[in-house]
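See below for the structure under consideration.
What follows is calculated from the coordinates using simple rules that are stated; it is not laboratory data. Not measured: the values here are computed from a predicted model. In this analysis, Cβ positions are derived from the backbone assuming ideal geometry, glycine residues included, and neighbour counts consider all displayed protein chains.
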Amino acid sequence: MLSTVEQVAGWARKNSVWPATFGLACCAIELMSTGGPKHDLARFGMERASASPRQADLMIVAGRLSQKMAPVLRQIYDQMAEPKWVIAMGVCASSGGMFNNYAIVQGVDHVVPVDIYLPGCPPRPEMLIDAIVKLHDKIQNTKFGAHRAKQIDELELQALRALPLIDQGSAK
Amino acid sequence: MSSDNLPGVPEEPIARTGMFGATGTGDTSGYGRLVVRRKPELSTPRPYGGYFDTVADELERALGAELADAVERVVVDRGELTFHVRRERLVEVARTLRDDPALRFELSLGVSGVHYPHLEGEELHAVIHLCSITHNKRLRLEVSCPDADPHIPSTVSVYPTHDWHERETWDFFGIVFDGHPALTRIMMPDDWDGHPQRKDYPLGGIPVEYRGAEIPAPDQRRSYS
Amino acid sequence: MSAPYEEITDATEGKVYTVSGNDWTELVETLTGQQDEQLVVNMGPQHPSTHGVLRLVLNLDGETVTEARTVIGYLHTGIEKNMEFRTWTQGTTFVTRMDYLAPIFNETAYCLGVEKLLGITDRVPERAQAIRVMMMELTRISSHMVAIGTFGMELGATTPFLFGSREREMVLDVMEYITGLRMNMAYIRPGGVSVDLPAGAVDKVGELLKIMPQRIKDMRKMLDANPVYLARTKDVAYLDLTGCMALGITGPMLRAAGLPWDLRKSQPYCGYETYEFDVPTERTADVYGRYLVRMAEMEQSLKIIEQALDRLSGPLKGDRVMVDDKKIGWPAQLALGPDGLGNSPDHIAHIMSGSMEALIHHFKLVTEGFRVPAGQAFASVESPRGELGAHVVSDGGTRPYRVHFRDPSFTNLQAVPATCEGGMVADVISAVASIDPVMGGVDR
Ligand code: SF4
């Protein structure tokens, strides 16, 4: 059995993601049902929702983030141990959604770096699970040290080259 | 154009033209020439119908001659009774409504602010909905104050539930409730500028500082070039 | 009590009042400096046991809470203001996101208000009313299930949560089948509902009616006489009728204090007067009493759903679900397609190739919306948490001039100091959970 240290570490990390649930609004209810018996997040080793940010490495921002809450979110993010990931669940967390007004931060990426944007209002639990699986894939393939720097550059370049969605066609 | 041939156009002032009230950008609907006219302010003549007459009579009796000037106008509209109350008299009226055995409006459903920038001298309104559990009746109190002097006496002493409701109305509309035990902001952060639900406050695009970073208005945000 | 203003200064323009009040951080600082034996504990806004983004600042003397302060606003969304920039119909999309555990109630309260302004309350078809009633009662069950489930979880018991979310999932499946969405469905519209019940919906609800009573019994079996549960709930967070009245508290909390005040009975709307059901009450005025009221309410809800279902499949079958006024009713009688989207092929064929007038009418109604005569109205419904009122103001335009929601969670949350002070710190959790605040409704 051959593998790299990176792959082994990635495998270990991805199978024991501890989410710090940041339930804010309606999406948090769907997040809760994801943990419920029907959708059962425990299948991914993620049922242990961490109440303390210190023992968590994934933050699922579920819901609309108000200006008043933003500093709190950042503080919790800062308290989490590295390496850490963020899922912006729902359109509100991703971009402000339908609430383009004075009270709501127009996307949590104004405050914390986001790894996965999950659309939907609210996203179905299945969609959240899909986002988590995609994140697992990302975690698995994270590189270390100099490789990581190179990976970041590559991903950046890829993103810059990407065509607008309308030009990408339906073929993946 | 001769007006004989046209249906009568109401004389009320124009409230708004266009659809979204947007100027320049924003109104893409093609309904820019929509004209909305404003309804004149009326008070309803007696009889009001239903239980409203009884309530009005009882209130008049309970207030007595001394407070006869408390109620400015009575409006009955869409099956709802509204007393427009002079703000100086609000607390007495509320107390009477709560305590008089024939009235007993013991449950208050809170204070709701409304901003009418066009009503000169009474721009800010606080609307209180009351419910009598004993008699199963409802009524509405409306108090107004000018924008230049946004003071309304607090009714927390009569209805303790108004504590948060008045704070909310202060937060959103800037109505100062004199005598409120702790009139602080409730929804917005403590250091917020302005009162966001007034009509003169924009919907978005408020520069919000967060550790030195400003969030621009929605229409100037994120250019992907 | 201090003076209402921090300072009053005389300036050339007149008096200047400063009402800044105390900052919460300042407050905590002052309190910490003052009392040597007192401990100030800050719970939230991000805390798993406070039901969302609620913040509690507790003053503790040992284990006893001497002062409890509630700080809200961490979820303020500006929904009320946002609605002023959208048409009346689009308003339902916003209100449904307020109290997100009971979306149908928000929509109904808002639509009843708009209908009152339009003067079409009596013209809303009976079938639409019956569907509204059925959907509201379904929502009540799912909301109470979450309330009891999260309550259990916050006390450290996972099983009630698992039960509660399993049952809620069942209701959500039905909701999805009928409306196309699990939550935030914007199903109730001014004048009726957006789509008629799809084929098979009656059977689905019937199935739920068969399973649910047993599930509620299971929950009761687990909790009603559970000694641990009793120890955590009995005589905790006592709030009697006087306190409830003064604080404007409605809903299960009021009924647990012994007053059978339920708007469905006292001021019926949507035809509730024609349904047969009881208003459960308790006299204990504590957390356990509130739990019992919620349980009994779910059983009553099942009774109402059954009656509504009988009417929907019987005398009201094939009726319209939107008011018969082409100027108000959303143009299409939407049909739920096989793709789960609400569209209407017949209507599209009609406007695109049949009638130019229909196309114009459709366009006008969809982009501009309908006009609502100027005035104000207040409509309230009995939501799972109490009286939910919508104060709707129109200036005669196609958009609301102002909409304000009197949310029961907002008002009921004011009872936190009254129920917690003097008690143990552990009981704060059960006190708050028994109020069942939904922060989306509190902060809007
Ligand atoms: S995305 Fe939708 S469901 Fe999620 S928080 Fe925002 S409004 Fe609620």
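For the stretch C:111-135 and the stretch C:374-439, compute the distance between their C-alpha centroids and round to whole Å. A separation of 22 Å, based on Cα centres. Volume of the convex hull of the stretch B:41-192 (Cα atoms only), normalised per residue: 116 Å³. Taking each of C:K116/C:K204; C:K116/C:K364; C:K116/C:K326; A:K84/C:K81 in turn, the alpha-carbon distance tops 26 angstrom for C:K116/C:K204; A:K84/C:K81.
Residues C:I429, A:I60 in ascending order of nearby Cβ atoms (within 10 Å, fewest first): C:I429, A:I60. Its Cα centre serving as origin, the stretch B:41-192 has a Cβ charge dipole (Lys and Arg +1, Asp and Glu -1) of approximately 580 debye. Between C:S430, C:S380, C:S313, the GNM of chain C built on Cα springs shorter than 10 angstrom shows C:S313 fluctuating the most. For chain C, what are the DSSP H helices with axial Cα length of 30 Å or more and mean Kyte-Doolittle hydropathy of at least -0.5? Those that clear 30 Å and a mean of -0.5 are C:126-155, C:201-223, C:287-313. In order along the stretch C:251-265, the Karplus-derived 3J(HN,Hα) couplings, from 6.51 cos²θ - 1.76 cosθ + 1.60 at θ = phi - 60°, round to x, x, 5, 5, 6, 6, 8, x, 9, x, 9, 9, 4, 4, 9 Hz, and Gly and Pro are given as x. If you plug the beta carbon distance of C:E207 and C:R320 into 1/(1 + (r/R0)^6) with R0 = 22 Å, you get a FRET efficiency near 0.25.
The ranking of C:I120, C:I148, A:I152 by Cβ neighbour count inside 10 Å, starting from the fewest, reads A:I152, C:I120, C:I148. Charge dipole (Cα centre; +1 on Lys/Arg Cβ, -1 on Asp/Glu Cβ; no other charges) of chain C amounts to roughly 1440 debye.
Ordered by the number of other Cβ atoms lying within 10 Å of each residue's own Cβ, fewest first, B:T82, C:T274 fall into the sequence C:T274, B:T82. Comparing C:T87, C:T64, C:T367 in a Gaussian network model of chain C, where Cα atoms under 10 Å apart are tied by springs, the biggest mean-square fluctuation is seen for C:T367. Label sites at C:E63 and C:L230, each approximated as a point 7 angstrom past Cα along Cα to Cβ, lie 2.0 nm apart.
In a GNM of chain C with a 10 Å cut-off on Cα contacts, which of C:E276, C:E382, C:E306 has the highest mean-square fluctuation? Comparing C:E276, C:E382, C:E306 in a Gaussian network model of chain C, the most mobile one is C:E276. Gap in Å between the Cα centre of the stretch C:148-214 and the Cα centre of the stretch B:76-139? So the separation of the two Cα centres works out to 38 Å.
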